[in-house]
Amino acid sequence: MTSRGTVVAGLVGLQICVVVFAVIAVMGGVPAPSSALWTFGRHAAGRELASGPELAVGGAHHVFDTSGHPSLQVDIGYADVTILAGTPGSKVDVSLGGDADDFPFGSNGAIWVKRDGDSIRVGKTSSRWSSGDDRRVTVVVPPDTQIDVVNAGVIKATGLRAVASLSSIGSGSVTVDDFDGPSLTATTRGRVLLQQVVAEHLDVKSRDDSVEGSGLRVRNGTIESDDHASLGFVAGSDTLITADASDGKILASGFSGHDSDSSAKKLDDDDASTQTLKIGAGTGRLEVHAGDGNIVLTQES
């Protein structure tokens, strides 16, 4: 005859199993019903879902030959990415550094890389526990590689010579240095830093921070900052700048006949400011907006 204590113990054990199943289900890691054993390995589920070989922190580089006009797509959640221009017509080299995730269920998921023709994809298996990632993907590409960063943390790009779109998740900063291509798009909640950027079309947005640039030669586009914006333009620029500060001044220097500190156009610091400046023939159109800060525009020598 089964004792009352045994029955209670059995019911408690059953409740514990139900809770465990619920937790694992939320994490997306429930094993197949026919499996009698569960595997809680760090990336057990990730290996099944990954679209390519998994990158290991500090592990081997994954190198791919390219031809024609290669492209790179990066979608890695909160992990950082650094993209460097290598030798024209060379290989694409992908590696992973930083600190590995020590959470027992692999909260950040596996980062993988896959080649599809001349397109290289770097992605991450999904995870509902991730709120940050200390890993860093480094990719060396031919300069004319088209870049599409769908999601990453801190983004750094140097030496690119083709269309590039860079989108940071969270509050990661975006830094672009030595860019010369048809168009550049950068979106983040953090700071955007542009250095030596030449683009026919530039679209930049910082939702919670500032936008700073020097050595710019831009024709069309929009620059939007929730904080301040500081932009320096070099000779050869050909655009009409329309600057709009919701709560700040517009300061311009180095522009022939246009130097000003727009304080004369404001009643107090809570007023909006607007100003239009022409660089070169002024055939392009560039809109600059700051939400809560000054706009500083400089014609650099």
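Filtering Ala186, Ala157 for residues that are of a type in the set (Gly, Ala, Ser), in a strand (DSSP E or B) and free of Cβ contacts under 8 Å to residues at least 60 places away in the same chain leaves a single hit, Ala186.
A count restricted to region 160-178 and to residues that are in a loop (DSSP other than H, G, I, E, B) and among the polar types (S, T, N, Q) stands at 3. Looking only at residues that are in a loop (DSSP other than H, G, I, E, B) and over 14 Å from Ile295 (Cα atoms) in region 238-265, which one is modelled with the highest pLDDT? The residue in question is Asp238. Comparison of Thr222, Thr187 shows that the only residue that is hydroxyl-bearing (Ser, Thr, Tyr), touching an Asp or Glu at 6+ places or on another chain (Cβ under 6 Å) and not assigned by TED's automatic domain parsing to the domain that holds Asn108 is Thr222.
Let's see how each residue does on (1) surrounded by fewer than 19 Cβ atoms within 10 Å (Cβ to Cβ); (2) over 13 Å from Tyr78 (Cβ atoms); (3) small (Gly, Ala, Ser):
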| residue | (1), (2), (3) |
| --- | --- |
| Val139 | no, yes, no |
| Ile155 | no, no, no |
| Thr158 | yes, yes, no |
| Ala164 | no, yes, yes |
| Gly172 | no, no, yes |
| Asp177 | yes, yes, no |
| Asp180 | yes, yes, no |
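Set side by side, the residues Thr239, Thr145 differ, and just one is crowded, with 19+ Cβ neighbours inside 10 Å, in contact with a Pro (Cβ under 8 Å, 6 or more places away or on another chain) and β-branched (Val, Ile, Thr), which is Thr145.
The values are calculated or read from the model by the stated rules, or taken from the named source; none is laboratory data. Worth saying up front: this structure is predicted, and the values here are computed from it rather than measured. All Cβ positions, glycine included, derive from the backbone under ideal geometry; neighbour counts span all protein chains shown.
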